[in-house]
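In what follows, a single structure is set out as structure tokens and then discussed.
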Amino acid sequence: MASNSNIKVKDKTSLKKNVENINAQMVVFAQGLKDLSDNLSALMTGNKKSPYWDGPAADKFYTNAVANLKRDIADYVVVRDELEVLGRLYELVNGGYLK
């Protein structure tokens, strides 16, 4: 059953600020993921002759760290996609769209 009511955003400025704040946090998270990935690579690359940390414990740690990093990146991608949708919604609202 269709509704005749319009969905209205009461405060476009607040919506825009929220989108900007979320985007700023996503930039910080992206940099943190990159730093973590770079640090894991440096740990295993070491001094170009051998890793800084070696042996079964290092292998287990690295395997777990990479698995966690992959999950974190997947979560980041989901939130980034949601932010993209929210940004498009803001653009519609800002343009005067009413549903």
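Side notes on the structure shown:
- The chain: angle of helix 56-94 to the longest principal axis, Cα-based, in degrees nearest 10: 20 degrees
- Ranked from largest to smallest solvent-accessible area, with a 1.4 Å probe on the protein heavy atoms, 62, 90 come out as 62, 90.
- Helix-only CD estimate at 222 nm, as mean residue ellipticity for the chain, using -39500 (n - 2.57) per DSSP H run (n ≥ 4): -27000 deg cm²/dmol
- Of the trypsin sites (Lys or Arg not before Pro) found in the range 18-60, the ones in coil according to DSSP and having at most 10 other Cβ atoms within 10 Å of their Cβ are 48, 49.
- Cα gyration tensor shape of the range 12-68, rounded if a/c is under 1.5, else prolate or oblate by comparing a/b with b/c: prolate
- Kirkwood Rh, angstrom, the chain [1 / mean 1/r, Cα pairs]: 16.9 Å
The values are calculated or read from the model by the stated rules, or taken from the named source; none is laboratory data. Everything numeric here is computed off the predicted structure, so don't read it as measured data. All Cβ positions, glycine included, derive from the backbone under ideal geometry; neighbour counts span all protein chains shown. Just so you know, the surface numbers come from the protein's heavy atoms only, side chains and all, with ligands and any DNA or RNA stripped out. Shrake-Rupley method; radii C 1.70, N 1.55, O 1.52, S 1.80 Å.
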